[in-house]
Amino acid sequence: MSIPAIPLNTGASIPQVGAGTWPLDDAEAADVVAAAIEVGYRHLDTATRYGNETGVGEGIRRSGIAREELFVTTKLDGEFQGSDRAIAGLHAALERLGTDYVDLLLIHWPLPQRDEYVSTWRTFEKLHADGLARAIGVSNFTPAHLDRLAAETSIVPAVNQIQISPAIVRLEQRAYDVAHGIVTQSWSPLGGRKGAGSLLAEPVLVDIASRLDRTPAQVVVRWHVQQGLVVIPKSSDRARLAQNLDVFSFELSDDDLASIATLSQGPDAGVDSDREGH
Ligand code: A2P
């Protein structure tokens, strides 16, 4: 199965579907990551805040797949914001992951009340120049935060990872990212641990899935793919991991997309970027 590669502003590319790992612990993450790689995933998403980087590293080693075949993302949270704090943060994360670089390093939350995301970004620029982070990006940033980075720093983030699902569409943020060459990644793409059950039971999705002989989760992952988003569904179940990656041999029609658009909870739905979430 070939997974489309989405180009980043660094010249590298990112596999369009990856495996999410929140809220797995180390032992679970090792099993899930090994299974994910076995069924074809090459893109893995973790964060220091998830507390499972050691497990993700263990799963990668268990898979036997060469490091350079994989795209590994981690994120540094508030503890590592401020001038140079991210240096020790990334070194510790690399140690836990058992690798000497990440493909993508993200500022996990902007935390504007701390007002340290600009100095943190300058440190990220150094980590990128040193080759420890092949690409650098952000998570949960709004256009206002990105405007400030653009005014005060030199590198445009490669990625902005934000909460997106058919219920939480974030059109304004996505348009900003497109206009600035930033790839948008969707977290909680199936609705998240608490929301996936109800989102995937939506009659609109169930009907489309049954007509296409697919599952509602596949319809939702395919929806992200057709919007040009990079998507990281999480599943602890091997069959569902495989199912969530098997979305490249069918297509949603314009009518399907219009029906799915009715699930949107409105332009302002989604998490508050001012506080730290998972
Ligand atoms: P599980 O891990 O038991 O498979 P998100 O990716 O939006 O964070 O959603 C994750 C939630 O969606 C988890 O509770 C996960 O449960 C569930 N999930 C993942 N893939 C599927 C699937 N193909 N069908 C149904 N539920 C799924």
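The values are calculated or read from the model by the stated rules, or taken from the named source; none is laboratory data. Everything quoted here is computed from the prediction, not taken from an experiment. Note that each Cβ is placed from the backbone with ideal geometry, even for glycine, and that neighbours are counted across all protein chains shown.
May I ask you to list pairs of residues, at least six apart or on different chains, whose Cβ atoms are under 6 Å apart, with the first in the stretch 125-149 being β-branched (Val, Ile, Thr) and the second being assigned to a helix (DSSP H, G or I)?
If the second residue must be assigned to a helix (DSSP H, G or I), the pairs left are 136/124; 136/128.
Which residue out of 86, 30 is part of a helix (DSSP H, G or I) and within 16 Å of the ligand (Cβ to nearest atom)?
Numbers: 86 fails: within 16 Å of the ligand (Cβ to nearest atom).
Answer to the selection: 30.
Can you pull out the residues in the stretch 144-166 that are crowded, with 19+ Cβ neighbours inside 10 Å and assigned to a loop (DSSP other than H, G, I, E, B)? I'd like the intermediate steps shown before the answer.
Going through the stretch 144-166, the residues crowded, with 19+ Cβ neighbours inside 10 Å turn out to be 145-146, 149, 157-166.
Result: 157, 158, 164, 166.
Which residue pairs have Cβ atoms closer than 6 Å, lie 6 or more positions apart in sequence or on different chains, and pair a first residue in the stretch 227-250 that is of a type in the set (Val, Ile, Thr) with a second residue that is part of a loop (DSSP other than H, G, I, E, B) and more than 8 Å from the ligand (Cβ to nearest atom)?
The qualifying pairs are 230/16; 232/18.
Going through the stretch 174-185 one residue at a time, which ones are under 17 Å from the mean Cα position of the chain (by Cα) and over 18 Å from residue 226 (Cβ atoms)? Full working, then the answer.
As a first pass, look at the stretch 174-185 and keep what is under 17 Å from the mean Cα position of the chain (by Cα): 174, 177-178, 181-185.
Result: 181, 182.
Residues that are under 21 Å from the mean Cα position of the chain (by Cα) and surrounded by 19 or more Cβ atoms within 10 Å (Cβ to Cβ): does the stretch 246-263 have at least one?
Yes - at least one qualifying residue is present in the stretch 246-263.
Output the residues belonging to the stretch 6-27 that are outside any loop (DSSP other than H, G, I, E, B) and either of a type in the set (Gly, Ala, Ser) or surrounded by 24 or more Cβ atoms within 10 Å (Cβ to Cβ) (or both).
Taking the stretch 6-27 and keeping what is outside any loop (DSSP other than H, G, I, E, B), we get 6-7, 13-15, 17, 19-20, 26-27.
Within the stretch 6-27, 13, 14, 17, 19, 20, 27 qualify.
Check whether at least one residue in the stretch 53-72 is over 15 Å from residue 106 (Cβ atoms), touching a residue at least 60 places away in the same chain (Cβ under 8 Å) and small (Gly, Ala, Ser), and report yes or no.
First pass over the stretch 53-72, keeping only residues over 15 Å from residue 106 (Cβ atoms): 54-55, 57-70.
Still in the running and touching a residue at least 60 places away in the same chain (Cβ under 8 Å): none.
No - not one qualifying residue is present in the stretch 53-72.
Go through (1) touching a Pro at 6+ places or on another chain (Cβ under 6 Å); (2) among the β-branched types (Val, Ile, Thr); (3) more than 10 Å from the ligand (Cβ to nearest atom) for residue 231 and report which single condition fails.
The one condition residue 231 does not meet is (3).
What's the number of the only condition in (1) more than 21 Å from residue 22 (Cα to Cα); (2) in contact with an Asp or Glu (Cβ under 7 Å, 6 or more places away or on another chain) that residue 151 fails to meet?
Residue 151 satisfies all of (1) more than 21 Å from residue 22 (Cα to Cα); (2) in contact with an Asp or Glu (Cβ under 7 Å, 6 or more places away or on another chain) except (2).
Here are the criteria: (1) modelled with pLDDT of 95 or more; (2) more than 10 Å from the ligand (Cβ to nearest atom). Tell me which single one residue 267 does not satisfy.
Failing condition for residue 267: (1).
Take the residues in the stretch 35-68 that are part of a loop (DSSP other than H, G, I, E, B) and of a type in the set (A, V, I, L, M); name whichever of them is surrounded by the fewest Cβ atoms within 10 Å (Cβ to Cβ). Steps first, please.
The first filter runs over the stretch 35-68 and keeps only residues part of a loop (DSSP other than H, G, I, E, B), leaving 40-42, 46-47, 51-52, 64-66.
The next check asks that each one be of a type in the set (A, V, I, L, M); those that pass are 47, 65-66.
Working: 47: 23, 65: 15, 66: 8.
Among those that are part of a loop (DSSP other than H, G, I, E, B) and of a type in the set (A, V, I, L, M), it is 66.
Within the stretch 172-221, restricting attention to residues that are among the hydrophobic types (A, V, I, L, M, F, W, C) and not in a helix (DSSP H, G or I), which residue is farthest from the ligand (Cβ to nearest atom)? So that I can check it myself, show each step before the final result.
Here is the first cut: in the stretch 172-221, the residues among the hydrophobic types (A, V, I, L, M, F, W, C) are 175, 178-179, 182-183, 187, 190, 196, 199-201, 204-206, 208-209, 212, 217, 219-221.
Applying the additional criterion that residues be not in a helix (DSSP H, G or I) yields 182-183, 187, 190, 201.
Numbers: 182: 21, 183: 18, 187: 7, 190: 3, 201: 10 Å.
The selected residue is 182.
Can you pull out the residues in the stretch 242-264 that are within 13 Å of the ligand (Cβ to nearest atom) and either touching a Gly at 6+ places or on another chain (Cβ under 9 Å) or not aliphatic (A, V, I, L, M) (or both)?
242, 243, 244, 245, 246
Examine the stretch 95-107 for a residue that is touching a residue at least 60 places away in the same chain (Cβ under 8 Å), under 12 Å from residue 149 (Cα atoms) and surrounded by 16 or more Cβ atoms within 10 Å (Cβ to Cβ), and state whether such a residue exists. Working first, answer last.
From the stretch 95-107, those touching a residue at least 60 places away in the same chain (Cβ under 8 Å) are 103-104; that's our starting set.
With under 12 Å from residue 149 (Cα atoms) added as a condition, the list becomes none.
Within the stretch 95-107, not a single residue is touching a residue at least 60 places away in the same chain (Cβ under 8 Å), under 12 Å from residue 149 (Cα atoms) and surrounded by 16 or more Cβ atoms within 10 Å (Cβ to Cβ).
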